[in-house]
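**Q** Have a look at the structure that comes next, please.
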Amino acid sequence: MLASVVLVATPAEAARTSWRGVITFDKNQQHQFDSRVVWRLLKRTGNGPWKLVEKKAWRAGGGLPGRGGQDSCAKNRGWLPNGTYHLQLHRDYHGNLIKGRAFRLDDKRCPSGTQRNQLFLHTEQGAGSRQCRNQPGDQVCRWEWPRINDYKSYGCIKMAPGDLAELARVFQRHFSAGVRHRLSRVQLRVVR
């Protein structure tokens, strides 16, 4: 994990301060389950330049192992298409497979035109972002790495629960949960 830097503004500066958040999913072409999610917080006072004030990085993965796992057009198995996404943080998402803390991303067309939908940045956990009881086999409500490759996903971005919780904490210092923010304010970028 990278060190973070946080700058403190005076009350007058704070009144004229703008914040921009960028989450980048940087795909590792050699090992898709050892990719990175990088958080960058930029600050601008008045009409001045944007300055990087915080940067953090965590391990992440995406897609399924084997054929199609790195194909951004493979629905429900390939990793996300490159590009920029709106995102919305859910403190306790209640989906069929995805539960607890999660970032919901825009649907996106891959280069061939295939529509990719139900895209998330998430982890394996139950409702309330809790880990369920350990049982034999792979549990969708429990992080079992390294015994089971929990960085794999059905086409989303996956992080370890503690890493996702930390990303949500730094995000919520300047951006609200439950809001689909403008791209000029906060965005997720998928690269490589």
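Read the figures in this text as sums done on the coordinates, not as results from a lab. These numbers were taken from a predicted model, which means no experiment stands behind them. All Cβ positions, glycine included, derive from the backbone under ideal geometry; neighbour counts span all protein chains shown.
**Q** Please get the size of the charge dipole for the stretch 11-191, origin at its Cα centre, with Cβ charges of +1 on Lys and Arg and -1 on Asp and Glu, quoted in debye to the nearest 20.
**A** So the dipole magnitude of the stretch 11-191 works out to roughly 460 debye.
**Q** Tilt of helix 161-172 relative to the longest C-alpha principal axis of the chain, in degrees (0 to 90, nearest 10)?
**A** Computed tilt is about 30 degrees.
**Q** Stretch Lys55-Gln29 to full length: gain in nm at 0.36 nm per residue minus the Cα-Cα span?
**A** 7.1 nm
**Q** Quick one: which of Lys51/Lys158; Lys43/Lys75; Lys51/Lys75; Lys51/Lys152; Lys43/Lys152 span more than 31 angstrom between C-alpha atoms?
**A** Lys43/Lys75; Lys51/Lys75; Lys51/Lys152; Lys43/Lys152
**Q** Taking the chain as a Gaussian network, Cα atoms linked when under 10 Å apart, which of Gly63, Gly162, Gly83 shows the biggest mean-square fluctuation?
**A** Evaluated over the chain, the most mobile residue of the options is Gly162.
**Q** Another question, if that's okay. Roughly speaking, what % of Cα-Cα pairs in the chain are separated by over 25 Å, rounded to a whole number? Walk me through the numbers on the way to the answer.
**A** Working: 6535 of 18336 pairs.
In whole percent, the share of Cα-Cα pairs in the chain beyond 25 Å is 36.
**Q** Right, something else. About its Cα centre, what dipole magnitude does the stretch 133-174 give when the only charges are +1 on Lys and Arg Cβ and -1 on Asp and Glu Cβ, stated in debye to the nearest 20?
**A** Computed about the Cα centre, the dipole is about 80 debye.
**Q** Please work out how much length the chain gains when fully extended from Arg147 to Arg130, using 0.36 nm per residue of separation minus the C-alpha to C-alpha distance, in nm with one decimal.
**A** On the way: separation 17, 0.36 × 17 = 6.12 nm, distance 1.91 nm.
In short, 4.2 nm is gained.
**Q** Over the stretch 11-191, what is the relative contact order in percent, taking alpha-carbon pairs closer than 8 angstrom and at least six residues apart?
**A** 26
**Q** I would also like to ask the following. Counting other C-beta atoms within 10 Å, which of Val37, Val140, Val170 has the fewest, and how do the rest follow?
**A** Val140, Val170, Val37
**Q** Next up: GNM on the chain, C-alpha springs below 10 Å: top fluctuator among Arg116, Arg40, Arg182?
**A** Arg182
**Q** Quick one: which of 44-56, 65-77 comes out on top by average Cβ neighbours within 10 Å, and what's the full order, highest first?
**A** Going from most to least packed, we get 65-77, 44-56.
**Q** Label the stretch 125-181 by shape, choosing from rounded, prolate and oblate, from the square roots a ≥ b ≥ c of the eigenvalues of the Cα gyration tensor; if a/c is under 1.5 it is rounded, and otherwise prolate applies when a/b is larger than b/c, oblate when it is not.
**A** Since a/c reaches 1.5 and a/b is larger than b/c, the shape of the stretch 125-181 is classed as prolate.
**Q** With no other cysteine's Cβ closer than 4.7 Å, which Cys residues of the chain count as lacking a disulfide-compatible partner?
**A** When partners are defined as cysteine Cβ atoms under 4.7 Å apart, the chain leaves Cys156 without one.
**Q** Moving to a separate point now. Rg/Rh for the stretch 81-171: what does it come to with C-alpha atoms and Rh from Kirkwood?
**A** 0.98
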